[in-house]
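Visitor: Got a structure for you, questions after.
The values are calculated or read from the model by the stated rules, or taken from the named source; none is laboratory data. On a predicted model such as this, the values are computed, not experimentally measured, just so you know. Note: ideal-geometry Cβ built from the backbone for every residue, glycine included; neighbour counts use all protein chains shown. Note: areas computed on protein heavy atoms with side chains; ligands, DNA, RNA excluded. Shrake-Rupley method; radii C 1.70, N 1.55, O 1.52, S 1.80 Å.
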Amino acid sequence: MTTVPTDGAVLTDATARLDALKARIHDELDLLNYGGRDWVPSPGDDVLDVLIVGGGHAGQALSFALARKDIRRVLVVDGAPAGLEGPWSTQARMRTLRTPKMLKGPDNDVPALSPREWFVARYGQERWDAIRFIPRLDWQEYLQFYREATGIDVINETSVTSIVPPTHPDGPFTVTLEGPEGTTTRLAQRVIFATGLEGAGGIAAPRHLFGTLPESAWGHTSHQLDFEAMKGRRIGVLGGGASAFDVAGTALEHGATDVQHFMRRTEMPAVNPLRWMEYASFVEHFCDWDDADKWDFMRKVLEIDQPSTQSSIWRCFEHDNYSFSLGSPWLSTRMDGDEVVVDVAGVEHRFDYVIAGTGVAVDLRMRPELSELVEHIALWGDSYTPPSGHEHLGLAAYPYLTGSFQFTAKDDAAAPWMGRLYHFAQGARVTMGITGHQLSGLPAGVQRLVWGLTRDLFREHQAAVRADFDAYDERELISLGPRPADQPPIQRFASSAEAEQASPGDVQV
């Protein structure tokens with residue numbers, strides 16, 4: 001689809017096409033608008049209705065969706081500089097997204113805001129037709145456009161260091177922020193954690209392998225690595241996920257002399273279970289299953305595991321100085337001068353630098369913003385007891401959420417405010433499946449969270465809503481007689497087609 005202005009002249013300049021697309025977005029929003037009303041009573045001076053922690057695609061999509069429900073006192077904070085939210089320009093090294101290009105994105109059912117429409121406006125229909133997956137840096141650029149087009153309020157280079165629960169069950173949370181202006185605090189009635197892949201913990205790096213190495217000798221795939229410094233060096237990589245292959249490929253492309261890549265498992269998974277999950281009813285309703293079925297399903301998903309992308313593997317094998325070994329666990333590491341010595345299944349290997357592609361850990365205690373809350377947050381291990389033989393320590397560590405992504409409390413009496421905290425990050429996996437921050441389930445997750453949040457707000461403010469209704473006195477009927485001269489003519493026809501056939505003096509539609 002080529003974007004055209006109202007005069008029909010085809011736009012050829014990308015900047016002009018994107019400006020025209022923004023105009024289309026605003027037109028579509030006008031068409032879809034139900035009739036906005038600032039219906040949420042102010043919670044107090046300088047008190048936010050919602051604070052969203054994280055300004056990547058999840059945080060932005062949530063902010064836009066809340067605005068469409070007339071939740072207006074919303075602020076998004078993100079630790080990255082503007083335009084660098086999320087991992088796409090920093091930790092991520094894949095060439096393209098893994099999610100198929102045709103899946104729904106964060107457009108919130110506004111067609112002109114879809115990734116496809118932006119891509120076509122930016123690069124043209126032919127280029128869109130030629131790709132299978134959206135290039136990674138194009139996705140970052142799309143998110144910048146999304147933020148501009150929707151007017152989302154984001155404070156960048158600002159981190160949440162703590163959140164103190166309210167002293168009154170209905171009172172606001174006190175949120176401490178660290179940013180360019182130093183330490184500040186904000187009050188918020190609700191907080192959404194849209195903190196991505198590490199949002200329920202942090203990086204997983206086995207301590208017996210990496211805990212004793214100097215920081216100069218190793219890195220994790222989630223770190224911002226200095227690939228220029230890897231030129232002419234021997235690199236060892238541990239892990240079989242896509243990020244491990246991507247970091248190996250990037251090191252090779254930056255001139256690493258030798259990259260040896262090892263995986264503990266004896267076989268690489270070939271089937272990606274997430275591809276099966278990518279249909280509307282699953283992402284919208286997995287969370288409606290009972291706990292036993294969710295637990296059993298997620299155990300099966302972990303058993304199958306997820307393969308690396310084929311393109312990431314082929315990317316590495318384009319280089320003759322790359323090797324990959326299955327069934328090769330790292331047993332120990334030590335330093336010998338400037339070399340990292342690794343015992344790989346009983347065989348010694350020497351490297352100049354090693355990289356852990358060992359994923360992320362789910363442990364809410366690792367999140368500084370949850371330090372004042374974590375003792376009250378219920379985990380799956382607190383809330384569900386699996387049948388004998390079906391235990392899983394990893395699944396037990398995930399937070400036990402509601403179907404609207406709310407944390408639940410170990411003791412409701414001790415934490416009556418818990419339902420006003422939302423986890424829209426990796427930790428939602430057991431409760432929600434892929435519904436949530438992952439691109440495949442983002443639209444369904446945003447819909448669920450925002451629907452639940454607005455439902456609860458509406459219930460909380462029922463008395464104020466009723467009082468507003470009782471005070472409503474806008475007159476629609478002004479006369480029981482003939483039309484006053486200062487009032488507009490009445491519409492005389494039941495259809496515009498009928499009006500077109502009437503004489504000009506009689507037409508008023």
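Visitor: Where does segment 285-429 land on Rg(C-alpha)/(2.2 N^0.38 Å)?
Guide: Details: Rg = 20.7 Å, N = 145, 2.2 N^0.38 = 14.6 Å.
In units of the globular-protein estimate, segment 285-429 measures up at 1.42.
Visitor: Hey, another quick one. Residue farthest toward the positive end of the dipole of segment 160-299, with Cβ of Lys/Arg at +1 and Asp/Glu at -1: which of Q189, G249, H168?
Guide: G249
Visitor: Moving to a separate point now. Helix 291-304 versus the longest principal axis of the chain: what is the Cα-based angle in degrees, 0 to 90, to the nearest 10?
Guide: It is inclined by approximately 50 degrees.
Visitor: Then there is this: Rounded to the nearest 20 Debye, what is the dipole magnitude of the chain about its Cα centre when Lys and Arg each give +1 and Asp and Glu each give -1 at the C-beta? Spell out each step's value before the answer.
Guide: Working: 46 positive and 70 negative charges, 182 e Å.
Dipole magnitude for the chain comes out near 880 debye.
Visitor: When only DSSP loop residues count, what trypsin sites (Lys or Arg not before Pro) in segment 420-492 have their Cβ near at most 16 other Cβ atoms within 10 Å?
Guide: Values: sites: R420, R429, R448, R455, R459, R466, R475, R492; in loops: R475, R492.
Qualifying residues, ordered by number: R475, R492.
Visitor: In whole Hz, with x marking every Gly and Pro, tabulate ³J(HN,Hα) for segment 38-50 from phi via Karplus 6.51 cos²θ - 1.76 cosθ + 1.60, θ = phi - 60°.
Guide: Result, ordered by residue: 7, 8, 8, x, 4, x, x, 4, 6, 9, 7, 5, 9 Hz.
Visitor: Determine the per residue accessible area of segment 175-253 with all protein chains present and a 1.4 angstrom probe, expressed in square angstrom. Please list the in-between numbers first.
Guide: On the way: 3240 Å² over 79 residues.
The answer is 41 Å² per residue.
Visitor: Can you give the alpha-carbon Rg of segment 1-141 over 2.2 N^0.38 Å, where N counts its residues? Walk me through the numbers before you get to the answer.
Guide: On the way: Rg = 17.3 Å, N = 141, 2.2 N^0.38 = 14.4 Å.
Normalised Rg, Cα atoms only: 1.20.
Visitor: Post the alpha-carbon centroid distance, segment 73-128 to segment 360-438, in whole angstrom.
Guide: 28
Visitor: What number do you get for segment 251-307 when its Cα radius of gyration is normalised by 2.2 N^0.38 Å, N = residues? Walk me through the numbers on the way to the answer.
Guide: Working: Rg = 17.4 Å, N = 57, 2.2 N^0.38 = 10.2 Å.
Rg over 2.2 N^0.38 Å, computed on Cα atoms: 1.70.
Visitor: Right, next: Over the Cα atoms of segment 229-345, compute the convex hull volume and normalise it per residue, giving Å³. List each step's numbers first, then the result.
Guide: Details: hull volume 16.5 nm³, N = 117.
Looking at segment 229-345, the number lands at 141 Å³ per residue.
Visitor: So if I restrict to the alpha-carbon atoms in segment 403-509, what is the Rg, and what is Dmax, the biggest pairwise distance, in Å?
Guide: 26.0, 74
Visitor: Then there's this: Just to be sure I understand the curve: with the Debye formula and one point per C-alpha of the chain, what is log10 I(q)/I(0) at q = 0.05, 0.06, 0.13 Å⁻¹?
Guide: At q = 0.05, 0.06, 0.13 Å⁻¹ the computed log10 ratios are -0.25, -0.36, -1.38.
Visitor: Okay, moving on. Of A61, W330, L393, which is farthest on the positive side of the dipole of the chain, counting Cα position, with +1 on Lys and Arg Cβ, -1 on Asp and Glu Cβ, and the Cα centre as origin?
Guide: Of A61, W330, L393, it is W330.
Visitor: Turning to a different aspect of this structure: Please say if segment 354-432 is rounded, prolate or oblate, where rounded means a/c under 1.5 for a ≥ b ≥ c the square roots of the C-alpha gyration tensor eigenvalues, and otherwise the choice is prolate for a/b larger than b/c and oblate otherwise? Mind dumping the intermediate values first?
Guide: Details: a/c = 1.89, a/b = 1.24, b/c = 1.53.
It comes out oblate by the Cα gyration axes.
Visitor: Please give the per residue accessible area of segment 1-156, computed with a probe of 1.4 Å over protein heavy atoms only, in Å². It would help to have the intermediate numbers written out before the result.
Guide: Working: 7320 Å² over 156 residues.
Here the per-residue accessible area is 47 Å².
Visitor: Run the dipole for segment 212-369 about the Cα centre, Lys and Arg Cβ at +1, Asp and Glu Cβ at -1, nothing else charged, and hand back the magnitude in debye, nearest 20.
Guide: Values: 14 positive and 26 negative charges, 48 e Å.
Dipole about the Cα centre, nearest 20: 240 debye.
Visitor: Please compute the volume of the convex hull spanned by the alpha-carbon atoms of segment 20-94 and report it per residue in Å³.
Guide: Convex hull volume per residue, Cα atoms: 126 Å³.
Visitor: Further question on the same structure: Bin all alpha-carbon pair distances of segment 167-277 at 5 Å intervals from 0 and give each bin's fraction as a whole percent.
Guide: In whole percents, the pair-distance histogram is 2, 8, 13, 15, 15, 12, 9, 9, 8, 6, 2, 1, 0.
Visitor: For helix 442-460, report the angle its Cα long axis makes with the longest principal axis of the Cα atoms of the chain; keep it between 0 and 90° and round to the nearest 10°.
Guide: Roughly 50 degrees between the two axes.
Visitor: Keeping all protein chains in position, work out how much accessible area D473 exposes to a 1.4 Å probe, and write it in Å² to the nearest 10.
Guide: Roughly 120 Å² of D473 is accessible to a 1.4 Å probe.
Visitor: Summarise the long-distance tail of P(r) for segment 139-185 by giving the % of C-alpha pairs beyond 18 Å. Walk me through the numbers on the way to the answer.
Guide: Values: 569 of 1081 pairs.
The proportion of pairs with Cα distances above 18 Å equals 53 percent.
Visitor: Can you pull the percent of Cα pairs in segment 328-397 with separation above 20 Å?
Guide: Every Cα pair in segment 328-397 considered, those over 20 Å come to 57 percent.
Visitor: Using only Cα atoms, find the angle between the long axis of helix 57-68 and the longest principal axis of the chain, and express it within 0 to 90 degrees, rounded to the nearest 10.
Guide: 10
Visitor: Among rounded, prolate and oblate, which fits segment 158-204 when a ≥ b ≥ c are the square roots of the eigenvalues of its C-alpha gyration tensor, a/c under 1.5 means rounded, and a/b larger than b/c means prolate?
Guide: Taking the square roots of the gyration eigenvalues as a ≥ b ≥ c, segment 158-204 is oblate.
Visitor: So, with a 1.4 angstrom probe, what is the percent of accessible area on the chain that is carbon and sulfur?
Guide: Details: 12980 of 25590 Å².
Percent of accessible area from carbon and sulfur atoms in the chain: 51.
Visitor: With the dipole of segment 429-509 worked out from charges on the C-beta (+1 for Lys and Arg, -1 for Asp and Glu) around the Cα centre, which of S495, P484, Q462 lies farthest toward the positive end?
Guide: In segment 429-509, that residue is Q462.
Visitor: Taking the C-alpha atoms of segment 59-167, how large are the radius of gyration and the largest Cα-Cα span, Dmax, in Å?
Guide: For segment 59-167, the Cα-based Rg and Dmax read 15.6, 58 Å.
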